[in-house]
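The next block holds one structure in the form of C-alpha cells; read it before the comments.
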Amino acid sequence: MIEVNNITKTFDGHTAVDNVSFTVEEGETLVLLGRSGSGKTTLLKMINRLIEPGSGEIRINGRSTQDGSPEELRKKIGYVFQNTGLFPHYTIAGNIAIVPRLLGWDKEKIRKRTYLLMEKLGLPATYLSSYPHQLSGGQQQRVGLARALAADPPILLMDEPFGALDPITRVSLQKDFKELDELKSKTIILVTHDVQEAFELADRICLMDKGRVIQAGEPRELLSHPADGYVKDFFDDQRFLLEVKMMDPLDHDALIDAFNHFKNRGN
Ligand SMILES: Nc1ncnc2c1ncn2[C@@H]1O[C@H](COP(=O)(O)OP(=O)(O)O)[C@@H](O)[C@H]1O
Ligand SMILES: [Mg+2]
C-alpha cells in the first residue's frame, strides 16, 4: 500500500504540489488525471525520490520512503518515463537489464528475463541488439515498460506512458497493457491528461488542478457525483462516451436511455 500524506512541493516560490493526500491499495491502479502543469509528474517523481518531497510524508507498506537510500527504494518501484527515457547509447537489451544488473543478477537470469519480457510485450527478440532510435515510438514505449518490469517490482509508476503516440498505436498499447499478466497483481500509479484513458485503465482516479487533488474516487463517482463545477466541466464534453464506456454493452435499454438523456440536454 502507498500512502501519500500532506505532500507539498514548492519551486522558487511556486507551489507545484499543494498538500496532496491519497492512498493506493495493493493491486490497485490509481490514475492521476489533470491538465498540463497540474503537478502530476512532480507528485509521481516524489514517490520514488527522483524529486525530494518538500513537506509531508510518503509511506510504502507502512515504511517512510525517507528511511533508507533512494537507490534502495527504486529497486522496488518500476518507473516508466513520459518520453520513454531510454538510454540512447544502450542497446534494447542493455536498457532492459539496468535494474537487474544493479541487483547483481547473473547473466543467464537476466537473459531469460529479457527474452520473456520481449515476448510478452510483443517485441521481436532481434531488436535486443538495436538502439532505441531504430524502433518506432510505440515499440520504444514497450521497451520502457519492459525495463520498468525487469526486476518484477511490486509497484509501477507510469508517466503518460501512451502520451506521445498516434491514436491507433495508443489504443493498441492500452489494450495490451490491460491484458498483460505481469501487471495484474501490481500496485500502479499512472499519470495522464487523457480522460478516456483514465476511464479505461483506472480503478480510482485522482483529478488534479493547480497542484491539488480536486476529487478522488471511482470513475463512475466522478462522473455522477462531481465535487464541484470544475470536475463537472472537466468531463462534460466527453460525458456521453464515458457513460457508454461504463455500461454493459448488452443492456440496450440503458444505452437508449443514456442517448436520449444526452440528446435532450442539447449537448
Ligand atoms: N524543476 C522545476 N523547477 C521549477 N518549476 C517546476 C519544476 N518542475 C515542475 N515545475 C512547475 O511545477 C508545475 C507542475 O509541473 P508538473 O509536475 O510537470 O505538471 P504536469 O506533470 O501535471 O504537467 C508547473 O507549473 C511546472 O512549471
Ligand atoms: Mg507531466
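Among the residues of the range 155-179, just one is in a loop (DSSP other than H, G, I, E, B) and either of a type in the set (S, T, Y) or loosely packed, with under 15 Cβ neighbours inside 10 Å (or both), namely D166.
The combined condition, being of a type in the set (A, V, I, L, M), under 22 Å from K75 (Cα atoms), near ligand 1 (Cβ under 10 Å from one of its atoms) and within 14 Å of the chain's Cα centre (by Cα), is not fulfilled by L33.
Of all residues in the range 196-211, those satisfying the criterion of being open to solvent by 10 Å² or more (accessible area, probe 1.4 Å) and either within 16 Å of ligand 2 (Cβ to nearest atom) or not assigned by TED's automatic domain parsing to the domain that holds N19 (or both) are D209, K210. Exactly one residue out of S224, S129, S172 is free of Cβ contacts under 8 Å to residues at least 24 places away in the same chain and away from ligand 2 (no atom under 16 Å from the Cβ), and it is S224. Against the condition aliphatic (A, V, I, L, M), modelled with pLDDT of 90 or more and surrounded by fewer than 21 Cβ atoms within 10 Å (Cβ to Cβ), how does V231 come out, does it pass? Criteria met by V231. Pairs are defined by a Cβ separation below 7 Å, a sequence spacing of at least 6 or placement on different chains, a first member in the range 23-47 that is in a strand (DSSP E or B), and a second member that is among the charged types (D, E, K, R) and within 16 Å of ligand 2 (Cβ to nearest atom); the pairs so defined are L32/K40; G34/K40; G34/D209. Taking the criterion of being open to solvent by 30 Å² or more (accessible area, probe 1.4 Å) and of a type in the set (G, A, S), the residues of the range 28-54 that qualify are S36, G37, G54. The condition (being within 16 Å of ligand 2 (Cβ to nearest atom) and of a type in the set (S, T, Y)) is satisfied by just one residue among T23, T41: T41.
The values are calculated or read from the model by the stated rules, or taken from the named source; none is laboratory data. All values derive from a computational prediction rather than experimental measurement. Quick reminder, even Gly has a Cβ in these numbers, built from the backbone with ideal geometry, and neighbours come from all protein chains shown. Note: areas computed on protein heavy atoms with side chains; ligands, DNA, RNA excluded. Shrake-Rupley method; radii C 1.70, N 1.55, O 1.52, S 1.80 Å.
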